[in-house]
Amino acid sequence: MEEYTFAIVPSFDICEKIIAVREKYQYVSSSEPHITVKASCGISDDMKWLPACQSIISSFGNFQITVGLPNYFGNKDVLYLEIISEELIELHKGLVSVFDADEEQIKKCFELQYYKPHITIARKSRLSESAIEEIRKAISPYFRSEHVFSVSSVGLFYRENNNEKFRKKIDIEITN
């Protein structure tokens with residue numbers, strides 16, 4: 001059974017910085033740098049939901065995302081870059097509405113009121129806390145000032161099992 005997610009790939013300069021720091025610390029991630037717009041919860045592999053999602057995305061209109069400072073989730077469990085964009089939150093809500101998620105799914109996938117857009121840099125489950133702190137110090141100089149990029153498409157990504165990285169299935173262009 002394939003697993004799907006909707007995500008935005010940041011601009012090349014942002015991805016390049018994250019990948020360079022990950023490589024320096026030999027951090028192997030389960031995915032390339034991205035911003036999840038709609039997590040996999042409730043997305044079936046029959047793909048009957050795709051036309052509704054394509055319609056929401058394509059008619060949404062171009063918007064900008066601001067990448068902020070590094071921060072942590074939990075007890076320094078996840079190091080991430082903050083994302084600021086009211087439009088992204090609205091797009092997220094639109095996509096979630098297609099899937100009739102119950103409260104349990106919404107909490108499990110951190111959706112709607114629990115949604116905190118971000119770009120994961122590293123997870124403590126794959127590195128020591130001291131290594132994560134070193135990564136934070138290494139990446140912080142790149143993100144002292146805000147980086148802004150324009151969004152013109154949202155990717156639908158998939159993987160066949162948890163052992164592989166997500167791959168792009170299609171790019172959905174924003175037409176407005």
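A short reminder: the numbers here are calculations on the coordinates, not readings from a lab. Keep in mind that what you see is a predicted model, and the values were worked out from it rather than measured. Don't worry about glycine lacking a Cβ; one is built from the backbone with ideal geometry, like all the others, and counts go over all protein chains shown.
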Toward the positive end of the charge dipole of the chain, about the Cα centre and with charges on Cβ (Lys, Arg +1; Asp, Glu -1), which of I18, I83, Y115 goes farthest?
I18
Everything considered on the Cα gyration tensor (a ≥ b ≥ c; rounded for a/c under 1.5, else prolate if a/b is larger than b/c, else oblate), region 1-59 must be described as oblate
Residue-wise HN-Hα coupling along region 12-29, computed from phi with Karplus coefficients 6.51, -1.76, 1.60 (Hz; x: Gly, Pro):
4, 4, 6, 4, 4, 5, 5, 4, 4, 5, 4, 5, 4, 9, 6, 8, 9, 9
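Quick check of the Kirkwood formula: for the chain, what is the inverse mean of 1/r over all pairs of different Cα atoms, in Å?
Details: mean 1/r = 0.0595 Å⁻¹.
Result for the chain, one decimal place: 16.8 Å.
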Gaussian network model of the chain, Cα within-10 Å springs - most flexible of H92, H147, H118:
H147
Cleavage-rule hits (GluC sites (Glu not before Pro)) in region 137-176: DSSP loop, at most 15 neighbouring Cβ within 10 angstrom:
E146, E160, E164
Let me check against my output: what whole-number percent is the relative contact order of region 3-173, with C-alpha pairs under 8 Å and at least 6 apart?
34 percent
Taking the Cα centre of region 3-173 as origin and charging only Cβ (+1 Lys, Arg; -1 Asp, Glu), how large is the dipole, in debye to the nearest 20?
560 debye
Tilt relative to the chain, helix 86-96 - C-alpha long axis, 0 to 90 degrees, to 10
50 degrees
Fluctuation leader among S130, S150, S40 - the chain, Gaussian network, Cα springs under 10 angstrom
S130
